[in-house]
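The structure under discussion appears below in the form of structure tokens.
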């Protein structure tokens with residue numbers, strides 16, 4: 001077992017556990033256990049534990065990827081919707097037109113900008129949880 005392939009395995013395992021919303025303290029503990037076992041036994045982590053994704057699934061079976069998909073959905077809605085409102089609001093303001101359904105362009109600019117700021121706040125809060 002080379003140190004590079006062990007480091008890759010541990011990194012992949014850490015990513016797989018992180019995607020399952022496992023607390024950082026528990027991730028560190030699981031990764032240390034795998035590293036310790038692999039170094040003591042000399043076996044490949046793939047032989048002892050299976051793939052990092054499968055091992056993460058066995059270690060945290062009740063976890064779901066719901067938080068991950070909620071983050072993806074909110075990213076799509078807030079960035080695309082907010083970006084469209086912001087850009088369309090600016091273009092409509094310059095052209096002297098209204099947005100959809102007679103909405104004033106400043107409303108689109110404010111709401112679009114707010115949606116993008118909310119999206120950034122969600123990412124910052126999520127990053128600080130780790």
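Readers should treat all values here as calculations from the given coordinates under stated rules, not as data from a laboratory. Because the structure is a prediction, the values reported are computed rather than measured. Glycine also receives a Cβ, built like all others from the backbone with ideal geometry; neighbour counts cover every protein chain displayed.
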Response to the item:
Those residues of region 80-95 which are surrounded by fewer than 15 Cβ atoms within 10 Å (Cβ to Cβ) and in contact with a helix residue (DSSP H, G or I) (Cβ under 9 Å, 6 or more places away or on another chain) amount to 84, 87, 91, 94, 95
Discussion item. Residue under question is residue 108, and the condition is that it be free of Cβ contacts under 8 Å to residues at least 24 places away in the same chain and touching a helix residue (DSSP H, G or I) at 6+ places or on another chain (Cβ under 7 Å); does it hold?
Written reply: yes
Item to complete: Answer with yes or no whether residue 67 is closer than 30 Å to residue 23 by Cα and either free of Cβ contacts under 8 Å to residues at least 12 places away in the same chain or surrounded by fewer than 15 Cβ atoms within 10 Å (Cβ to Cβ) (or both).
Response: yes
Worksheet item: Can you tell me how many residues in region 12-37 are surrounded by fewer than 14 Cβ atoms within 10 Å (Cβ to Cβ) and part of a loop (DSSP other than H, G, I, E, B)?
Response: 1
